[in-house]
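Notes follow once the structure below has been shown.
The values are calculated or read from the model by the stated rules, or taken from the named source; none is laboratory data. A quick note: this is a predicted structure, and the numbers were derived from the prediction, not measured. Neighbour counts are summed over all protein chains in view; Cβ atoms, including those assigned to glycine, are modelled from backbone coordinates with ideal geometry. Quick note on the areas: whole protein, heavy atoms, side chains included, nothing else; ligands and nucleic acids left out. Shrake-Rupley method; radii C 1.70, N 1.55, O 1.52, S 1.80 Å.
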Amino acid sequence: MLLLIPLLPFLGFVVNAAVGRRLSKSVSGGLACGVMVAAFLVAAVATWPLLFGQAAPVEQVVYRWIASGDLDIAFALRLDQLATVMVLVVTGIGALIHIYSIGYMHEETDSEYARYFSYLNLFAAFMLVLVLAANFVVMFVGWEGVGLCSYLLIGFWFQKPSAIEAGKKAFVVNRVGDFGFLLGILLIFATFNTLDFQQLAGLVAPMPREVAGGTITLITLLLFAGATGKSAQIPLYIWLPDAMEGPTPVSALIHAATMVTAGVYMIARNAVLFGHAPETLAVVAVIGAATALVAGTIGLVQNDIKRVLAYSTVSQLGYMFLAMGAGAWAAGIFHLMTHAFFKALLFLGSGAVIHALAGEQDLRRMGGLKRDLPVTYWTFLAATLAISGVPLFSGFFSKDEILFRTYTAGFPILWGIGVVTALLTAVYMFRLVFLAFHGEPAAAAAHGDVHAGGHGVDAHAGHATHGHLHDAPPSMAIPLIVLAIGSVLAGYVGVPHVLGGENRIERFLEPSFEAHGPVTALHEPMAAGPAEGAPAGGEAVPASTEFGLMGISTVLALSGIGIAAFFFLKRRDAADAMARRFAGVHRLLLNKYYVDELYNATIVQPIKRLSTGVLWKVVDAGVIDGAVNGTGLTVRGGAGLLRRLQTGSVRVSAAALFLGVVVIVGYYLWP
């Protein structure tokens, strides 16, 4: 059954890629959605014993793949508690995104429609291979596969230059991180002679923690380099905001259920390995906190609705890496799961807005959409409350768990950065809500296009005006409602003890972060992290401390909502005045700290100059072409000389024969 989970969407890709252009939209879209729903049902059946039966993990060796000397790699899939959470997220939320796409992409031609769904199926298939992999090589297949699919889907509208550039940017930036990831895999094999996750954990577990660096530290830093690319962390986060150039459901799939979660998952999968490299964990925590803060500040001033959400994703991924660095593996995966619900909902909700406004994405040209798009508004609001960490919503439980674990792990400064980021999250997310759904319809007011049926919209594409705004059709509305329910309820699997819960998801995931098997039977396995309510040192944290930390983050989240309401609902003139007063800071944030410009000046342009001025004109044209052309000229010159000996003239041949006879006879007759 494990093989069926990635195989079903892969078969959907094969059919749509091969004959999809000959199929109707209903058939190609129905096939793509059907295989994803089937994959979810198979995943549910396969994971049921682990979820409710306390069954042992299952491993399936599909076939022996690579055998050469000491290297023996099987194409093997493994389903444990960690993989259970991931396959249910990928197939469940992925299926909802596929269903949503039926309505969102209905204006595409039949062939483009089939191409879109084939890529979407392939994306899900590779992500499922990644999360079910039992060893690094199989994981690397899925790892590179999702990178390929991101390139194909971000650049899906290849007629747009911006989409082409964004796809290439995602591909190239990820290759930088993947180079480090591949070096880490090679160093693991050179050091431990295995690439199997379970065998590696068993070999590493009895080893002492590297307090002053070493091979494990180097391995984990290389693996983390790959994670920074896939999961868009400093310094390789720059590709993710541009990924919005693809269709909006693609953004939802990338940001919520697939690619960007791969780096977090990879670290959690190798918790024993990373747990033995505390210096690497400190780097992971610092990078995560810094990314969360930087992306949060940039999100405050962005005007494109999808770009705000993109920087929100980068920031939330920073929270997950902060959890990984604090050794709170379960808390990081818990936030990954809840984030998948509300971030998919936010992107799909923004897609419903864009769909209704005929392509408009600028928040400054929206407003007053609450009345005409009620389903979109209320579901979007639920996701916004969740990501802002408002109590009783899913994000409150998972985000507070990360902040609590960070504080008790001995990172008070990083905890402070985390709570400031929580404040920023509430501000920029409710800024988006107030600008898009509340107030007056900005586009209609600016162009005088208010009609009896609704608001006029001046869209980017041709400035088309709509007399009536329509809410999401059923194929789009149903996924929004289901995801809204998840955004509210998903957090209740991790209610902490201090609130009367059992934090069931932590208890469920804990075996995945330990070493198992006969190799580890002689020693005590490394724990996944501090026990519930205890810091890294093992001492219990008073309930008052936990309540205090929870109260601080809650007050800041509510304060962020209040700040957003004041500046963007009550006094928008005050927001404009603040932007003018702090014009330098505003310009810095609006231009994303000029990181892209810095990379362009220090990396891209020098490489282009080196490629053009040296590698092309000197090495390629001068040395390589010169050698090739010189060889041809030498042969040509020699052939020209030899050609003179074969003129084809009878007189010349007779004269040469006569001359030769004279020379030979003269030689023998010479005294």
Helices (runs of 4 or more DSSP H) contained in the stretch 578-645 and holding at least 2 residues without any contact (Cβ under 8 Å) to a residue 24 or more places away in the chain and over 21 Å from residue 176 (Cα atoms): 583-590, 625-643
Answer from 609, 651 - the residue that is exposed (fewer than 10 other Cβ atoms within 10 Å of the Cβ) and over 30 Å from residue 296 (Cα atoms): 651
Selection count where residues are modelled with pLDDT under 80 and surrounded by 10 or more Cβ atoms within 10 Å (Cβ to Cβ), scope the stretch 632-648: 1
Filtered residue count, the stretch 158-182, keeping only those that are touching a residue at least 60 places away in the same chain (Cβ under 8 Å), in contact with a helix residue (DSSP H, G or I) (Cβ under 7 Å, 6 or more places away or on another chain) and under 19 Å from residue 310 (Cα atoms): 8
Residues within the stretch 195-214 that are assigned to a loop (DSSP other than H, G, I, E, B) and either open to solvent by less than 10 Å² (accessible area, probe 1.4 Å) or in contact with a Ser or Thr (Cβ under 8 Å, 6 or more places away or on another chain) (or both), tallied: 3
Residue among 74, 134, 125 that alone is small (Gly, Ala, Ser), open to solvent by 10 Å² or more (accessible area, probe 1.4 Å) and over 17 Å from residue 24 (Cα atoms): 74
Pair list, Cβ < 8 Å and 6+ apart or interchain, from the stretch 72-101 residues that are farther than 15 Å from residue 60 by Cα to residues that are of a type in the set (D, E, K, R) and buried (at least 22 other Cβ atoms within 10 Å of the Cβ): 82/269
Inter-residue pairs, beta-carbon under 6 Å, first more than 18 Å from residue 52 (Cα to Cα) and open to solvent by less than 40 Å² (accessible area, probe 1.4 Å) and in the stretch 495-517, second among the aliphatic types (A, V, I, L, M) and in a helix (DSSP H, G or I), 6+ apart: 498/543; 513/271; 515/201; 515/272
Residues of the stretch 77-110 classified as open to solvent by less than 10 Å² (accessible area, probe 1.4 Å), more than 15 Å from residue 472 (Cα to Cα) and not in a helix (DSSP H, G or I), total: 3
Flag for residue 67 being surrounded by fewer than 19 Cβ atoms within 10 Å (Cβ to Cβ), hydrophobic (A, V, I, L, M, F, W, C) and more than 28 Å from the chain's Cα centre (by Cα): yes
Neighbours by Cβ (under 8 Å, 6+ apart or cross-chain): first from the stretch 11-30, among the aromatic types (Phe, Trp, Tyr); second crowded, with 18+ Cβ neighbours inside 10 Å and assigned to a helix (DSSP H, G or I): 13/118; 13/119; 13/121; 13/122; 13/125
Residues located in the stretch 159-180, provided they are modelled with pLDDT of 90 or more and not in a helix (DSSP H, G or I): none
Number of the condition not met by residue 219 [criteria: (1) touching a Leu at 6+ places or on another chain (Cβ under 7 Å); (2) surrounded by fewer than 24 Cβ atoms within 10 Å (Cβ to Cβ); (3) touching a residue at least 40 places away in the same chain (Cβ under 8 Å)]: (2)
Single residue of 217, 191, 228 found to be assigned to a helix (DSSP H, G or I) and either within 14 Å of the chain's Cα centre (by Cα) or modelled with pLDDT under 90 (or both): 228
Tally, over the stretch 253-304, of residues that are more than 14 Å from residue 224 (Cβ to Cβ), part of a helix (DSSP H, G or I) and over 19 Å from the mean Cα position of the chain (by Cα): 2
